[in-house]
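Just so you know, all these numbers are worked out from the coordinates, no wet-lab data involved. Since this is a predicted model, take the numbers as computed values, not measurements. Here the Cβ positions follow ideal geometry from the backbone for every residue, glycine too, while neighbour counts run over all protein chains shown.
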Ligand code: SF4
């Protein structure tokens, strides 16, 4: 009963956030981006390294699958953070783009191999919205002159991603089936909860 009410509280907060996100002014965001300044230096640092991790939504995964003819499990993997249930199955939330040798697997020879279908998180980097406020990740391209049209495009994508992220969270919570917690196990079976429900995958041993 307590979980149900906490889920409802979360859903109600997310619906409020959604209203606020829909009311975001892209003109204001674009003006802020222009003031900060940004020009991609094509260093690829956002696609490489241990810290890079791209959260990707199911519709973005399907778009990549359509463009590459790859399989779901070749494109994405579950995050390492999660909990085990009483049957030893690992549960986690949302997907990350797969990595190879510490880099995004789509990064090669200083370019993105899926540039036209790259996730919104990549198209808006290094900017993101934190509770509606514009924030930036570390990036050597910041502080450089940006054309107004480019700033407006990033602002529009930031708003779009913010709305999508909240809608995805609402859909995830509405479909989420809670489970009895258990101890870490070595079975390798993982359930990823996302806006489409549950995906079962075999993954590397975690405990
Ligand atoms: S999808 Fe493309 S832009 Fe995004 S991290 Fe991978 S290589 Fe970089």
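Between the helical axis of 148-175 and the dominant principal axis of the chain, each derived from Cα atoms, what acute angle in degrees is found, rounded to the nearest 10? It works out to around 10 degrees. Going by neighbour counts of Cβ atoms within 10 Å, the residues 76, 55, 192 line up, fewest first, as 55, 192, 76.
Here is the size of the range 2-55 from its Cα atoms: Rg then Dmax, 18.1, 50 Å.
Comparing 61, 114, 166 in a Gaussian network model of the chain where C-alpha atoms under 10 Å apart are linked, the largest mean-square fluctuation is found at 114. Once C-alpha pairs closer than 8 Å and six or more residues apart are averaged by separation and normalised to the residue number of the chain, the relative contact order reads 30 percent.
Ranked by how many other Cβ atoms sit within 10 Å of their own Cβ, fewest first, the residues 179, 59, 127 fall in the order 59, 179, 127. Using the rule -39500 (n - 2.57) for each DSSP H run of four or more residues, divided by the residues of the chain, the 222 nm mean residue ellipticity is -12500 deg cm²/dmol. Exposure proxy ranking for 139, 190, 43, based on other Cβ atoms within 10 angstrom of each Cβ and starting from the fewest, stands as 43, 139, 190. Rg and Dmax over the alpha-carbon atoms of the chain stand at 18.6, 55 Å. Computed from the C-beta positions of residue 68 and residue 204 and an R0 of 22 Å, the FRET efficiency is 0.45 to the nearest 0.05. For the chain, the share of DSSP beta bridges that are antiparallel, to the nearest 5, is 85%. Using the alpha-carbon positions of the range 23-94, Rg (one decimal) and Dmax (whole number) come out as 18.0, 53 Å.
Largest GNM mean-square fluctuation among 184, 78, 58, using the chain with Cα springs under 10 Å: 184. Axis of helix 26-36 versus longest Cα principal axis of the chain: the two differ by about 70°, to the nearest ten degrees.
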